[in-house]
Amino acid sequence: MKSKNLSEKILKSVQSKGFKYIELPSVIETNHIVQRSGENFRKFIFSFIDQNGSELCLRPDLTIVSCLRYLENNLKSKEKKQKRKKKIFYSGQAYRKSQNKKDSIIRNQVGFEIIGSKDEKNDDKEIINTSLKSLKNLKYSTGTLTIGNV
């Protein structure tokens, strides 16, 4: 319960900075994960074959799924307009096996991204500042902010 309240406070703070919430699918094509993370990553995902013979998996990470969604939406768009940056945030559960049997297979995740940036330096700065402000708003006095892959 404490974790859920914490997540909600972080998401409200991020939303106040102009980020838009997106829903992400729980099931995706396995090849999207294997292509980006390598065949070795297959041992950490929960995959299955659907009725059409396609290999699908439960999402092992929300960041990957958010990027796939952005790419698919841009490919579907018939317009030849310039890609605009999008400020998005998401939360939910990711499902991943672990080498440590004591680890939970369900991982609660919160994330936010600026995708399609033409000014990565300033947008990275905005992400860092939003992260720090979110933590400050929570009156979080100790901890570590990890930037990049965990």
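The values are calculated or read from the model by the stated rules, or taken from the named source; none is laboratory data. The shown structure was predicted, so the numbers you read here are calculated from the model rather than taken from an experiment. No Cβ is skipped: glycine too gets one built from the backbone with ideal geometry, and neighbour counts run over all protein chains shown. Side chains included, ligands, DNA and RNA excluded: accessible areas come from the protein's heavy atoms. Shrake-Rupley method; radii C 1.70, N 1.55, O 1.52, S 1.80 Å.
What FRET efficiency comes out for the pair residue 100/residue 52, r = Cβ-Cβ distance, R0 = 41 Å, nearest 0.05? Please list the in-between numbers first.
Working: r = 35 Å, r/R0 = 0.85.
Using R0 = 41 Å, I get an efficiency of 0.75.
Once you sort the root eigenvalues of the Cα gyration tensor of the stretch 1-76 as a ≥ b ≥ c, which label holds: rounded (a/c under 1.5), prolate (a/b larger than b/c) or oblate (the other case)? Mind dumping the intermediate values first?
Details: a/c = 2.42, a/b = 1.70, b/c = 1.42.
Verdict is prolate for the stretch 1-76.
Using 0.36 nm times the number of residues separating residue 128 and residue 37, minus their current alpha carbon distance, what extension gain do you get?
Fully extending the segment from residue 128 to residue 37 adds 30.3 nm.
How far, in nm, would the chain grow between residue 138 and residue 120 when pulled straight, counting 0.36 nm per residue and subtracting the alpha carbon separation?
The span from residue 138 to residue 120 would gain 3.8 nm if fully extended.
Please list 3J(HN,Hα) in residue order for the stretch 36-51, calculated via the Karplus relation 6.51 cos²θ - 1.76 cosθ + 1.60 where θ = phi - 60°; whole Hz, with x for glycine and proline.
After applying 6.51 cos²θ - 1.76 cosθ + 1.60, I find 8, 10, x, 4, 4, 6, 3, 5, 9, 9, 9, 10, 7, 9, 7, 5 Hz.
Average projected area of the Cα convex hull of the chain, in nm²?
Over all viewing directions, the chain projects a mean Cα-hull area of 11.3 nm².
First compute the accessible area of the chain with a 1.4 Å probe, then give the percent of it belonging to carbon and sulfur atoms. Walk me through the intermediate numbers first.
On the way: 5470 of 10950 Å².
With neighbouring chains kept in place, the figure for the chain is 50 percent.
Report, in debye and to the nearest 20, how large the dipole of the chain comes out about its Cα centre when Lys and Arg carry +1 and Asp and Glu carry -1 on their Cβ.
I would put it at about 560 debye.
Taking 28 Å as the cut-off for C-alpha to C-alpha distance, list the pairs among 20/97; 20/121; 43/136; 102/136; 20/125 that go past it.
20/97; 43/136; 102/136
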